[in-house]
Amino acid sequence: MVLYPIADALHLVHGPLGCAAYTWDIRGALSSGPQLHRLSFSTDLREMDVIQGGEKKLAKALCQLIDLHHPKAAFVYSTCIVGVIGDDVEAVCRQVSALKGIPVLPVHSEGFKGTKRDGYRAACEALLQLVGTGSTEGISPVSVNILGDFNLAGEVWIIRDYFEKMGIEVVATITGDGRVDDIRRAHGAALNLVQCSGSMMHLAKQLQEKRGIPFKRVSYFGIEDMAQALYDTAGFFADKSPGIVGRTAALVSQELSTIMPQIAQYRRKLEGRKAAVYVGGAFKAFSLVRALRQLGMDTVMVGSQTGLREDYEELRELCDEGTIIVDDSNPLELSSFLQEKRVDLFIGGVKERPIAYKLGVGFCDHNHERKEPLAGFTGMLNFAREVYNTVASPVWRLTPRGAMRDRS
Amino acid sequence: MIAIEPLAATRNACKLCAPLGACLALRGVAGAVPFLHGSQGCATYIRRYLISHFREPVDIAVSGFSEATTVFGGGDNLRSGLNNLARQYHPELIGIATTCLPETIGEDVGHLLHDFHPEGDVPFRTVHVSTPSYRGTHVDGFHATVKALVEQLAQGGPVRGHINVFPGMVSPADLRYLKEVFADFGLEATLLPDYSETLDGPQLEEYQNIPAGGTPVESLRAMGRARVSLEMGRTMADAGTAAVSLESKFGVARRKLGWPVGVLESDRFFAALSELAGRPIPEKHAKERGRLVDSYVDAHKYVFGRRAVVFGEEDLVVGLTAFLAEIGVQPVLCASGGESGRLEEAVKAVAGDAVDGIVVKEGMDFATMGEMARGLAPDFLIGSSKGYSVARELDLPLIRVGFPIHDRIGGQRILHLGYRGAQQLFDAVTNTLIERAQERSPVGYSYQ
Ligand code: SF4
């Protein structure tokens, strides 16, 4: 689902209905302009289509939707049965593309089949077909692409604003608040900034290999990581843009002076409380551990769904001794950790929320459905407030396990 | 912007896939865990969708059968998945529902299960149901699962005094209410499914791998010996349902009733129970009816002549239509993503005087609904929270009922059925209309 935030493209799920219905508007990926990405389109394959093949229906659906909505490009996501019924999706895409004069790109293995990683890779492959098809005229030598941020709750806007204040041009944001035309000229940027361990790494690597654009891994979450991301970028452009390091320092200190007093207040209330973290990517987990530490909290359990071996070693180093580190967990395991460790806060995805709540544990959503921006310096303040709101709520006293914790 | 030619694509669907219905139904059997034979993605999405409505843990196991394994079939994935699940959860029953992939390659799960011998020493039963999404919606998956449970578990024998109740896809609050009503009539009833506790449970001291509650497997077995089956829902088919199967196999009489939404449909329902129990309507419920009708009178002017778009699962749409018509609201569009082919007839049967002004539409998606609604000048929408995009676009209030409710809390506690449910619906409709008028009024009256 990493391509969904591209707001002026048509996103059509080719397959039975369910796959599309479940993903309709589940992410808070915001757009400053077109809202086409918030509609959910599906070829809604039926029994006859499964028997006779769905190519005709796909072609018809694409043509009609393109005429109706005038997108700048169309992405076609094949679900697991499409391969089995033998549709030649690529051919249909080529035909429709020729007919309608916009790129129509098949995306294989998107979420419904294979692992998350395969899905990311497929998304990057589709993007690679777009990048390089636009003109790079007029792009500043001090310019970046922001990769791997979905603009949840408007986060990309916050980050973009920092870079612009530093005097850096942002060519394309991929995919949050993304636009097809920007992506087509993304190869004109001097540097790619990749967030998160997973989703856009393949794109960044390919752009480095094929077009010689270097990339940096960054995280915009938490004070330390955010500042680091800005300083790293400033360092990169230090020769080309005199004064950028100074401008960055000024920006950081100004932002910090606005949020720190309030963060300190939250910290006083949260000091010594325990947290457990279970998120999608390991990179996000690192940032969270650091951000929680900033709030005076101990992370007693941390894990991710897609972490690699190196990631876990890094986590080990980052965390205190005694912190449990888990890999690709399941509901039963998570619930037993929560009971064992008596935590005050669980950070995870929406699917984990009821487990935490059932056991009288506070919860923050750090996956794709959040509605408050958590990136950047303002994001840190939002994060602190959200943590405080759940940890300090008086309702836990009324729950059996909350009462147990109070006694102990 | 009404498309002249029907669109090939579904835009913002008003239905979900069949395995979701299967998982929901299986959540209503004691000690049962739903198991999807199919891709990991299906289980993830379905879990997330159910959790966002019920706000309860919903574990769904999955075989992780993927495209890569289709060549050899999914037998190995299925067997090892079942063994894993049994080891971790110690279920009494595992309900296996198929997703699109194994169905497309024509996998015979029944056959695979036939050869299956559980590894561990804890015995469990399996029930399987075929739920490809290209053949029907989540409601069809729900009913198919209820039928599969009955067909694979119920046994015959000397008739006992109890009755079977197949309530359909109602809320946990509705299920609790139904149980109360049956108890008040002194009727011993087995509800299938019954997720009133499993999907709306209390805070816990110890985590339960499988939440307590649900129809006991024992009672499910005894369904073949009941004296009658009540099948609720006017759009239920007259063939291929759980009650039909019990009738033909064990001779348990089948009685089909509408969802008791509103006074008139509830009257029919209570009359049927009264006849079965051989006693009059308990006073508690008669009084609830009295208060309900009294409130209809008090507030009739606020609602009369207003126009509503009604959408959701077909039986809910029928029930809501009956309710709205009896309070003087004109349902202008009654729409569902379902395609039973029976919606129109059922809606017309309950619509009373409102019948001529209603457009009935099966197989609807939200984009089309929005386009149609625009021309029908409705005052409000009533249905699931997925109608919000349309409500927002048309600047109309949305009264949230049914499934799913993803943008408010308490979806599992909404009571739709009976006099008590009608009271809540009526208050919600009336107050929504008053609030709208108040917000729009330049005066800001503080008495209404
Ligand atoms: S429609 Fe089929 S493939 Fe898609 S989520 Fe539902 S069961 Fe899975």
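The values are calculated or read from the model by the stated rules, or taken from the named source; none is laboratory data. Because the structure is a prediction, the values reported are computed rather than measured. Positions of Cβ are backbone-derived with ideal geometry, glycine not excepted, and every protein chain shown enters the neighbour counts. When the accessible area is computed, the model is the full protein with side chains, heavy atoms only, and any ligands, DNA or RNA have been set aside. Shrake-Rupley method; radii C 1.70, N 1.55, O 1.52, S 1.80 Å.
With contacts taken as Cα pairs under 8 Å at a separation of at least 6 residues, region A:9-130 carries a relative contact order of 27 percent.
Which of rounded, prolate or oblate describes region B:241-358 when judged by the alpha-carbon gyration tensor and an a/c cut-off of 1.5? Oblate is the answer for region B:241-358, as a/c is 1.5 or above yet b/c matches or exceeds a/b.
Using only Cα atoms and rounding to the nearest 10 degrees, what angle (0 to 90) does helix A:309-318 make with the longest principal axis of chain A? Computed tilt is about 30 degrees.
Only one residue of B:116, A:256, A:43 has its Cα farthest out toward the positive end of the dipole of the protein assembly as shown, where Lys and Arg carry +1 and Asp and Glu -1 on Cβ, and that residue is A:256.
Note down the magnitude of the dipole of chain A about its Cα centre, charges +1 on Lys and Arg C-beta and -1 on Asp and Glu C-beta and zero elsewhere, to the nearest 20 debye.
Using Cβ point charges on Lys, Arg, Asp and Glu, chain A gives about 720 debye.
Annotation for region B:154-220 versus region A:137-201: alpha-carbon center distance of 54 Å. Quick one: angle between helix A:282-294 and the longest Cα principal axis of chain A, in degrees between 0 and 90, rounded to 10, please. Approximately 30 degrees, to the nearest ten. The accessible surface of chain B, taken with every protein chain in place and a 1.4 Å probe, is 50 percent carbon and sulfur. Centroid-to-centroid, using Cα positions, region B:119-149 and region A:332-369 are 29 Å apart. Measuring r between the beta carbons of residue B:255 and residue B:353 and using R0 = 25 Å, the FRET efficiency lands at 0.35.
When ranked by the protection proxy of mean other Cβ atoms within 10 Å per residue, highest first, what sequence do the peptides B:146-155, A:234-243 form? Before the final figure, lay out each step's value.
Details: B:146-155: 21.0, A:234-243: 14.9.
Highest mean packing first, the order is B:146-155, A:234-243.
In terms of the Cα gyration tensor, with a ≥ b ≥ c the square roots of its eigenvalues, is the protein assembly as shown rounded because a/c is under 1.5, prolate because a/b exceeds b/c, or oblate? Since a/c reaches 1.5 and a/b is larger than b/c, the shape of the protein assembly as shown is classed as prolate. Interface residues of region B:10-43, defined as a loss of at least 50 Å² in heavy-atom accessible area between the chain alone and the complex of all protein chains with a 1.4 Å probe, are B:10, B:11, B:12, B:15.
Chain B and chain A together bury an accessible surface of about 4800 square angstrom, both sides counted, with a 1.4 Å probe and no ligands or nucleic acids included. Computed over chain B, the quotient of the alpha carbon radius of gyration and 2.2 N^0.38 Å is 1.00.
Quote to one decimal, in nm, the extra length available between residue B:427 and residue B:275 on full extension: 0.36 nm per residue of separation minus the C-alpha distance between them.
On the way: separation 152, 0.36 × 152 = 54.72 nm, distance 3.04 nm.
Roughly 51.7 nm would be gained on extension.
If r is the Cβ-Cβ distance from residue B:286 to residue B:438 and R0 is 35 Å, what FRET efficiency results, to the nearest 0.05?
Values: r = 34 Å, r/R0 = 0.98.
Step by step, r from the Cβ atoms, then E = 0.55.
With the cut-off at under 20 Å, measuring from each backbone N in region B:366-390 to a point 7 Å along the Cα-to-Cβ line of residue B:448 picks out B:378-383. Helix B:75-89 and the longest principal axis of the C-alpha atoms of chain B enclose an angle of approximately 80°. Distance from the C-alpha centroid of region B:1-53 to that of region B:261-305: 34 Å, rounded to the whole angstrom.
Using only the Cα atoms of region B:299-440, build the gyration tensor, take square roots of its eigenvalues as a ≥ b ≥ c, and label the shape rounded, prolate or oblate: rounded if a/c is under 1.5, else prolate if a/b is larger than b/c, else oblate. The shape class here is rounded. For chain A, evaluate the Debye formula with one uniform point scatterer on each Cα (no solvent term) and list log10 I(q)/I(0) at q = 0.06, 0.07, 0.08, 0.12 Å⁻¹, rounded to two decimals. Calculated log10 I(q)/I(0) at the listed q: -0.27, -0.36, -0.47, -1.00. Site pair residue B:184 and residue A:69 shows an inter-label distance of 4.9 nm when each label is modelled 7 Å from Cα along Cα→Cβ.
Please tell me the relative contact order of chain A in percent, rounded to the nearest whole number, where contacts are Cα pairs under 8 Å and at least six residues apart. Let's see the in-between values first.
Values: 786 pairs, mean separation 55.0, N = 408.
After rounding, I find 13 percent.
Hey, can you find the accessible area per residue of the protein assembly as shown for me, probe 1.4 Å, expressed in square angstrom? Provide the component values of the computation, followed by the final result.
On the way: 32280 Å² over 856 residues.
In whole numbers, the protein assembly as shown has 38 Å² accessible per residue.
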